[in-house]
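Read through the structure below, which is laid out as structure tokens, and then see the notes.
The values are calculated or read from the model by the stated rules, or taken from the named source; none is laboratory data. Everything quoted here is computed from the prediction, not taken from an experiment. Ideal geometry is used to build each Cβ from the backbone, glycine not excepted, and the neighbour counts take in all protein chains shown. Remember, those area values only see protein heavy atoms, side chains included, never the ligands or the DNA or RNA. Shrake-Rupley method; radii C 1.70, N 1.55, O 1.52, S 1.80 Å.
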Amino acid sequence: MTDSPRRLVTPESGGGGGRAEASPAVAVQRLTKIFPVPLHPARGIVAVKDLNLRIEAGEVFGLLGPNGSGKSTTLKMILGLVSPTRGRTEIFGRDSRLVESREAVGFLPENPYFYKYLSGEETLRFFGRLCGLRGARLKERINELLELVGLTRARKRRLGTYSKGMLQRIGLAQALIHDPRLVVLDEPTAGVDPAGSREIRDLILDLKRRGITVLLSSHLLAQAQEICDRVGILADGVLVREGHLRELIAIENQTELVIADASPQLVSEIESVINRSNAKLIERRKSTTTLERLFLEATKNDKRMTKSE
Amino acid sequence: MVVIPDSCFVIPSSFDIRASSFIGLMETRYRAFSISRILAITLNTLTELTRLRVFYVLLVFALLLIGSSIFMAQFSFQQEFQILKDVSLGAISIFTSLLAIVATARLLPQDIEDRTVYTILAKPVPRFEYVLGKITGVLLLLAISTLVMSAAFLAVLYLREQAVIHATLRQMVGAPPEQLADALREIRSSALNIDIFPGIIIIYLKACLLAALTLFVSTFATTNIFTIVVMVFIYFIGHLQATAREYWLQEHSSGLLTRVFLAIVALLFPDLQAFNLVDDIVAGTAISLALFIKTALLGIFYTTMYTLLAAFVFYGKEL
Ligand SMILES: Nc1ncnc2c1ncn2[C@@H]1O[C@H](COP(=O)(O)OP(=O)(O)OP(=O)(O)O)[C@@H](O)[C@H]1O
Ligand SMILES: [Mg+2]
């Protein structure tokens, strides 16, 4: 089935998917979902309306939108968990309603919740078995993934004692257990601290580097901006914008310069050069660090102290 | 101070290389039906129920057994064995039924509520296999419970039998050997009755039927309480309906309409009294092989049918 050695896709081949595959990773056509309202059959909640989407293999696609805009519903329909009212969805050319379309897909639901009574290790073993893994191969894979998400030390603990961020991590490990070609993540960084969410970002970039298609939903725009090749913006179930991130957000006629150690004279010289040309200086300000960077630096120091105790 | 490093994703630089050993991972062809997937769900269900400590029910059974044997010391041995069998088999029947209903009622609704079902069905797992795995997990739990309770019961019965034999031997020192042999035979025959074993199998099948029916009810119930209440209701109706039917047929002519009505009632409320062979067994009536096979097949038929109905409803269910 997977005869194409996808790991040979090089980072240079970029977002468009280096090796052209016959069918896109995800194809969504005229997808509509209307949830019935009990006792009011005529009135339904339109969660998704006439959605068309095409995600090529190897892309990182971000589905953005405010709360209740239909992101989760769309992802669930793509995975065949919710049946569409109209329209169809395909994964690698196979209809989402077929069970085998899920063979090469890993899914992290929003606010994942697993069996509390299982330990992290048992959880991964369970999901691995569902994907047809077993024996030494499964064991090796479990160790690898626990290591990857940083839960090796908590592997024997029951999930009932895990924190929210740890649950998110085990959810991510579970989604990757069978080395899927498409990973669907519903708000992967919800409830994860800044360091953790940066690690998840790195992980997603790593998946991308290995040629794995990632479809994620988020309403954290800054984060999506960092990792997505393409984004779609949903509002009330309608796809209002869609395209390559760079093109969507670039302001064509503006350029930013960030200068370190510039003397006041240099700055005024640059300004006068600009004034003499027909360009226009729009803004001039001191660079600031981001709150995120500040937070990360501060907590990193903390950790070093506790470790040296 | 213990620092759990839950905030350090280690992406080893060797990850790509190591992962490449899994290139063949997905080459295993997808199978539309997989015993190992079902087994994974079955064992998981069994683990869940075990860790929820449903087996505590068995402790209650043990206490009941001990309690009743203390109470019985005052009776003759025939009465004692009779009561012991009556109480134990009755308790096995009630406890397995109760376990079947309570353990099954929350299985699917809990998974749906916690959204664990999303994670499972997002894997290449057909919904039918999921339902099948869940029910076999319960059936396995019921089998273990039935075995444990039966073993405890038989052990107590054996111990009491030995005690009575010893007492009799002591009393009859010097009696003629034929008389002694007669007395011992009498004790043995009133203790263990070989018909007990098919009786226990039928009790198990009744519990299986109830579990499958509970699973079916839980696929459209809105709350667990609803499922349990409905099942308790069905349990009593199921036990009473045979009597009611006889009464009804005596009063009314058995026209077509009546028969159809009774058939529908029998489908919704299985005749549980038919699974109550142990009463006869304890009373000393031997059950025929034909009756045993007929009842067993009825149990298997009902269990299969309710499981299929549950799978069918679950298949079309919006999760
Ligand atoms: N099972 C359901 N029954 C009825 N309505 C539903 C159901 N699931 C979702 N909806 C409705 O569909 C709409 C879209 O919901 P959805 O969960 O897809 O939003 P979302 O974009 O994921 O939001 P969030 O960012 O809060 O996760 C909402 O109006 C929601 O109320
Ligand atoms: Mg959502």
Relative contact order (percent, whole number), chain B, Cα cutoff 8 Å, 6+ residue spacing: 26 percent
Using θ = phi - 60° and Karplus 6.51 cos²θ - 1.76 cosθ + 1.60, couplings along segment B:222-235 (whole Hz; Gly, Pro as x): 8, 9, 5, 4, 4, 4, 5, 4, 4, 5, 5, 4, 4, 4
Entries of B:K85/B:K134; A:K116/A:K208; A:K71/B:K317; A:K164/A:K208; A:K71/A:K139 with Cα pairs more than 28 Å apart: B:K85/B:K134; A:K116/A:K208; A:K71/A:K139
In degrees, nearest ten, helix B:56-71 long axis to first principal axis of chain B (Cα): 10 degrees
Inter-chain shielding of A:130-136 (mean C-beta neighbours from other protein chains, 10 Å cut-off): 6
Span per principal axis, largest first, for the Cα atoms of segment B:33-315 (Å): 77, 53, 32
Listed residue (B:I70, A:H40, A:L239) projecting farthest to the positive dipole end of the protein assembly as shown, Cβ model: A:L239
Gaussian network model of chain A, springs between alpha carbon atoms under 10 Å - residue of A:L138, A:L216, A:L257 with greatest fluctuation: A:L257
Protein accessible area in the protein assembly as shown, 1.4 Å probe - carbon and sulfur %: 61 percent
Around A:G232: net Lys/Arg minus Asp/Glu count, Cβ-Cβ under 9 Å: +1
Inter-label distance for B:M305 and B:T168, nm, one decimal - labels placed 7 Å from Cα along Cα-to-Cβ: 4.6 nm
For segment A:149-164, residues shielded by at least 20 square angstrom of accessible area compared with the chain on its own, probe 1.4 Å: A:G150, A:R153, A:R157, A:R158
Estimated dipole of chain B in Debye, rounded to 20 [Cβ of Lys and Arg +1, of Asp and Glu -1, Cα centre]: 660 debye
By average C-beta atoms within 10 angstrom, highest first, the peptides A:207-214, B:152-159, A:268-275: A:207-214, B:152-159, A:268-275
Beta bridges per DSSP with both ends in chain A, % antiparallel, nearest 5: 55 percent
Two-site label geometry, A:R97 and A:I45: point separation in nm, points 7 Å out along Cα→Cβ: 2.4 nm
Order of exposure, largest accessible area first, which applies to B:I70, B:I237, A:I78, A:I249 with probe 1.4 Å: B:I70, A:I249, B:I237, A:I78
Accessible solvent surface per residue of the protein assembly as shown, calculated while the other protein chains remain in place, 1.4 angstrom probe, Å²: 51 Å²
Charge dipole (debye, nearest 20) of the protein assembly as shown; +1 at Cβ of Lys and Arg, -1 at Cβ of Asp and Glu: 660 debye
Shielding by partners, peptide B:123-132 (average Cβ within 10 angstrom, other chains): 5
Heavy-atom accessible area order for B:H239, B:H166, largest first, 1.4 Å probe: B:H166, B:H239
Charge dipole magnitude, Cβ of K and R +1, D and E -1 - segment A:25-89, Cα centre, debye nearest 20: 260 debye
Test item: B:34-42 mean partner chain Cβ contacts at 10 Å: 3
Chain pair B, A: total accessible area buried, heavy atoms, 1.4 Å probe, Å²: 5600 Å²
Where chymotrypsin sites (Phe, Trp or Tyr not before Pro) fall in DSSP loop in segment B:218-319, at most 16 other Cβ within 10 Å: none
